[in-house]
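These notes are about the structure you will find just below.
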Amino acid sequence: MSTMDDPVDDLSVTPPKTWATGVPAVTHALEYALSQTSPRRTALTLLNINQAKGFDCPGCAWPEPAPGKRHLNEYCENGAKHIADEATSRRVTAEFFREHSVAELAGKSDYWLNQQGRLTEPMVKRPGATHYEPVGWDEALGLIADELRRIDPDEALFYTSGRLNNEAAFLLQLFARAYGTNNLPDCSNLCHESSGHALQETLGIGKGSVSLDDIHHADLVFVVGQNPGTNHPRMLSALEETKRNGGKVVAVNTLPEAGLIRFKHPQKPRGVIGRGTAIADEFLHIRAGGDLALFQALNRLLLEAEDAAPGTVLDHDYIARHTTGFPEFAEHARTTDWDDVLAATGLARAEIERVHRLVLGSRSVIVCWAMGLTQHKHGVPTIREIVNFLLLRGNLGKPGAGVCPVRGHSNVQGDRTMGVWEQMPQSFLDALEREFGFTPPPEHGLDAVDSIRAMRDGRAKVFVGVAGNFVRATPDSEVTEQAMRRCRLTAHVSTKLNRSHTVCGETALILPTLGRSDRDMQAGGLQFYTVEDSMSEVHASRGKLPPASPHLLSEVAIVSRLARLTLGARPAIPWERFEQDYGSIRDRIARVVPGFEDFNARVAVPGGFRLPNPVNEGVFPTPSGKAVFTCNEFTMPRIPAGHLLLQTLRSHDQWNTVPYALDDRYRGIHHARRVVLVNPEDLADLGLADRDRVDLVGVWQDGPERRAEGFTVVAYPTTRGSAAAYYPETNVLVPLDSVADHSNTPTSKAVLVRLEPAPEAVTAPEAPEALATPAAQEAPTTAPAPAV
Ligand code: SF4
C-alpha cells in the first residue's frame with residue numbers, strides 16, 4: 001500500500017490466539033521496522049532501546065531489569081514497532097502541507113496521517129487560511145506568547161502526554177505556574193487518575209508499591225482489567241518468572257486475551273520450539289464492571305475464614321499497627337450479598353472460592369491492574385476495595401506483595417512526579433516558590449475533561465499540547481473537536497502528524513520536536529534526559545540517531561523559549577541556561593521534588609535509582625499516618641434489554657491513538673478496525689448474526705444519541721452483556737459527562753450502546769474513520785468465524 005492511500009477495511013477473521021509473542025512477534029516487529037526505515041537504522045535503534053546507555057522505549061512504562069540482567073534485545077514487538085515508527089525515514093515537508101489542505105487532512109484516517117512520517121519544520125495555519133505554511137521558530141513561539149499575554153492565564157490550557165521527559169515536564173509546569181495557571185491537564189486524567197485517587201486516599205501515595213523483583217517472587221499475582229500481551233508485553237516475561245519461581249497468576253478479564261493464557265518467550269528455546277508457559281492458573285471471565293463485587297466477595301470470604309479459624313487468616317498485627325477503619329470495613333464487608341456478587345460478576349461462586357483458596361495459600365500477593373478497572377464509574381471504589389483486600393493479610397510493604405497500577409505510556413508517572421497535575425499539593429507549590437521566588441496560583445486547575453468543557457463554553461481560548469493527540473485520546477470526539485475549533489489558538493508539539501493538527505483553532509501551529517531516539521545537542525553539549533517507569537525507577541535516556549530534520553527543537557528548548565517570550569524577565573528563571581544544559585534543570589528538580597536529592601549524581605549511575613515509596617517502610621502519609629480501610633458500595637451495572645455495555649480498547653497493532661496496521665492478530669481480526677466483538681448468545685438475543693453490519697448507537701441519560709456508523713459484528717467470547725470495539729474510532733460514543741466518581745476519568749470501559757442494523761449503503765461515513773468504501777464493506781470474508 002502506498003503511503004498516499006487511505007486504508008480500506010477488508011475484514012477477515014481467524015480463531016483468537018491462545019498464546020502471545022513467540023517468533024511471529026519478532027517477525028512482525030522486523031517487518032514493520034523495515035517498512036519504515038533502513039536495516040542500519042533499524043539495527044541502531046533496536047540495539048539501543050531500553051539499554052542502560054541507550055534510550056528509553058517511548059511505549060509503555062514497564063520497567064527494565066537491572067543493567068547487568070538485561071537482554072541484548074530488551075524490547076517487545078510493540079516497543080520495536082513504536083521505535084521504528086519514530087525512527088522512520090519518511091518525512092512530512094512544507095511541500096506536503098502545500099499539497100494537502102487542512103480540510104483534506106481532516107478527512108484522512110489516523111493510520112494514514114501517522115504513516116506520512118516525521119514532521120520537519122514549524123508550520124502555521126493563519127486565521128482564515130485553508131493550508132498550513134512554514135513559519136520560523138521565533139515567529140511561531142511569538143504568536144503563542146502574544147496570545148497568552150492577551151488572555152487571562154486561566155483561559156490557557158497546557159496539555160501533556162506521557163511521552164514528555166522529566167526535564168521538559170518540570171519546565172512546562174514551572175512555566176504554566178509562573179504564567180499564572182494550574183491548567184495542566186494530562187493523559188493521566190484519562191487513564192490512571194482513578195488509581196492515583198484511590199491509592200492517595202488509602203495509602204497516602206498515588207503510585208504502585210512493587211518492584212520487578214516483587215513480581216518475580218510473589219506467591220500470587222492478580223492481573224485485573226489488563227491485557228499485558230498487547231499493552232505491556234514485557235510484563236509477560238515477568239509473569240513467566242513468577243511461574244518459574246513457583247508463584248501463581250489469577251487473570252480477571254472480560255476477554256480471554258492471548259497473553260493471559262500462554263506466553264512464548266522469543267529469546268528462550270522453550271519459547272521458540274516449546275509450548276511456552278501457561279500464564280493464568282485461574283481465569284475469571286468477569287462481566288464488565290464486576291471487579292468491585294469480586295473483591296468484596298473475596299474480602300468477605302477472608303473474614304469468614306478468619307472466623308472459622310481465628311488467628312490464622314488475617315494479619316492482626318499489621319492491621320493493628322498500620323491501619324484505621326478495620327471494624328467499620330469488616331462490618332460492611334460481611335453484608336456482601338452473594339446473589340448480587342454473582343449477578344455483577346457473572347461468575348460461579350465455586351470459581352471465586354477457588355481463587356480464595358489460592359489467596360489463603362499465598363504469603364505474598366500482588367494486584368496489578370489497568371484501564372479495565374479505572375475507566376468505570378466506580379473505578380475509585382474498586383481500587384479502594386483492592387487495597388482492603390491486600391491490607392487484610394498485610395500484603396503491602398513486604399517482598400512479593402503490594403499494589404501495581406500498570407501505566408501505559410513511558411513517562412506518564414514521571415510527568416506527575418514533576419508536577420504536571422492540575423491539583424499538585426500545596427507542599428509542592430511552596431517548594432516551587434522557595435526555589436524560584438514567585439507564588440504559584442493556589443487554586444486547582446482544569447483536568448482533561450474539564451478542559452474540554454472550558455473550550456466548549458468559551459472559557460478556555462488557547463490550547464498548547466506538548467506531545468499527545470488530544471482530540472483522539474479524549475471522549476466524545478465530536479464535542480471535543482467542536483470545542484478545540486472554538487479556540488483562538490491551538491499549538492501542538494509533535495513528532496508526527498495526527499488528527500489534532502487538523503482540528504484547528506483560529507490560528508494553529510505545529511511545532512516539530514525530537515523523538516526519544518534522536519540525539520539532543522544543545523549549546524552546552526550533548527544532552528540526555530530522564531524518565532520514571534511504572535515502578536518508580538528513574539533513569540537516563542540518550543538518543544542515538546541524527547535528528548529527523550535540522551529544524552527540530554527539543555521539548556525543553558520549545559518550552560524554555562516560549563516561557564522567555566511570554567514572561568520576559570519576571571520571575572527571574574534562567575530559561576536560557578535550562579535550554580543549554582539539562583543538568584541545570586535536574587539541579588532544580590533535586591531541590592523541589594522529594595526523592596530527587598543529588599539527582600545528577602544518582603542518575604549518572606547506569607540504571608539510575610528507585611524513588612522511595614513510604615508504604616514499603618510501613619509509613620503511610622495519610623492524615624492519620626495509617627493505611628485506611630474503606631467501605632465501598634457497588635451499584636449493579638444496569639443494562640436495559642436490547643443494549644450492551646461497550647468497552648473501547650486497543651488492537652494489537654496499535655499504540656495509543658495510532659494504528660500501525662488494520663490488524664489485531666491475537667484476537668484474530670485482520671484488515672479492519674470497524675468491528676464490534678459481541679458474545680454469540682447476546683447476538684442471538686439481539687436478533688443479529690456474525691458479520692452483520694451495524695451502527696453503534698450510544699445511549700446516555702436523556703441526552704442526544706451518539707453514533708458510530710458502519711461496524712461489522714464479530715461473534716467473540718466476550719462476557720454476556722458486554723461488547724468491545726477499538727478506540728479512537730469509538731471515542732465518539734463516550735459521553736463527556738460520563739466519568740468515574742472522584743477521578744473524573746471518562747468511563748470508556750462502560751458505554752451503554754445498542755446495535756442498529758446499518759443502512760444498506762452508508763451514505764455519509766464519519767470522518768476520519770471512513771476507512772471503508774461500500775464495495776469493500778460488502779466484500780466476502782475469507783476465513784470462518786472463530787470458535788466461541
Ligand atoms: S514492554 Fe513497554 S516499555 Fe517494554 S519494549 Fe514493550 S512497549 Fe516498550
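Charge dipole of segment 129-285 (Cα centre as origin; +1 on each Lys and Arg Cβ, -1 on each Asp and Glu Cβ, all else neutral): 1140 debye, rounded to the nearest 20.
Taking the Cβ of each residue in L755, L105 as the centre, tally the other Cβ atoms inside 10 Å and list the residues starting with the fewest.
L105, L755
Taking θ as phi - 60° and the Karplus parameters 6.51, -1.76 and 1.60, the scalar couplings of segment 746-756 work out to x, 8, 6, 9, 8, 10, 6, 9, 10, 9, 9 Hz in sequence order, x denoting glycine and proline.
Using C-alpha pairs under 8 Å with a sequence gap of at least 6, the mean separation divided by the residue count of the chain gives a relative contact order of 22 percent. Seen from M424, the other residues with C-beta closer than 10 Å to its C-beta sum to a net charge of +1, counting Lys and Arg as +1 and Asp and Glu as -1.
The H on the amide N of L752, modeled in the peptide plane, is under 5 Å from the matching H of L646, V699, each at least 5 residues off or on a different chain. The Cys residues in the chain with no partner Cys Cβ within less than 4.7 Å of their Cβ are C57, C60, C76, C187, C191, C487, C504, C631. Residues whose amide H comes within less than 5 Å of that of T120, counting only those at least five positions distant or on another chain, are V92 (H built at 1.01 Å from N in the peptide plane). Sequence-ordered 3J(HN,Hα) estimates for segment 108-125 from the Karplus curve with 6.51, -1.76 and 1.60 and θ = phi - 60° stand at 8, 7, 4, 4, 4, 4, 5, 5, 6, x, 7, 6, 10, 8, x, 10, 10, 10 Hz, glycine and proline given as x. Ranking L755, Y716, L314 by how far each Cα lies toward the positive end of the dipole of the chain (charges on Cβ) leaves L314 at the top. Charge tally for Q522 (other residues, Cβ to Cβ under 13 Å; Lys, Arg +1; Asp, Glu -1): -4.
Taking each of K81/K125; K17/K108; K243/K264 in turn, the alpha-carbon distance tops 25 angstrom for K81/K125; K17/K108. Note on T93/K53: beta-carbon distance plugged into 1/(1 + (r/R0)^6) with R0 of 25 Å gives a FRET efficiency of 0.15.
What GluC sites (Glu not before Pro) does segment 618-706 have in DSSP loop regions with at most 15 other beta carbons within 10 Å?
Here the sparse-neighbourhood loop sites are E633, E705.
When you filter the trypsin sites (Lys or Arg not before Pro) in segment 370-478 for DSSP loop state and at most 16 other Cβ atoms inside 10 Å of their Cβ, you are left with R459.
Mind giving me the FRET efficiency for D430 and R321? R0 is 30 Å, r the Cβ-Cβ distance, nearest 0.05 is fine.
Working from the Cβ atoms, E equals 0.45.
Going by how many other Cβ atoms sit within 10 Å of their own, how do I286, I319 line up, fewest first?
Lowest to highest Cβ neighbour count: I319, I286.
Take each peptide in 31-41, 734-744, 226-236, count the other Cβ atoms within 10 Å of every residue, and average; sorted highest first, the result is 226-236, 734-744, 31-41. A helix-only calculation puts the chain at -9500 deg cm²/dmol for mean residue ellipticity at 222 nm, using -39500 (n - 2.57) for each DSSP H run of at least four residues, averaged over all residues. Amide H to amide H, with H built 1.01 Å from N, G515 comes under 5 Å of A548, counting only residues 5 or more places away or on other chains.
For V252, neighbours were defined as the other residues whose beta-carbon sits under 14 Å from its Cβ, and their charges (Lys and Arg +1, Asp and Glu -1) total -2.
Read-outs: derived from the displayed coordinates by stated rules, not from any lab. What you see is a predicted model; the values in this text were computed from it and never measured. Don't worry about glycine lacking a Cβ; one is built from the backbone with ideal geometry, like all the others, and counts go over all protein chains shown.
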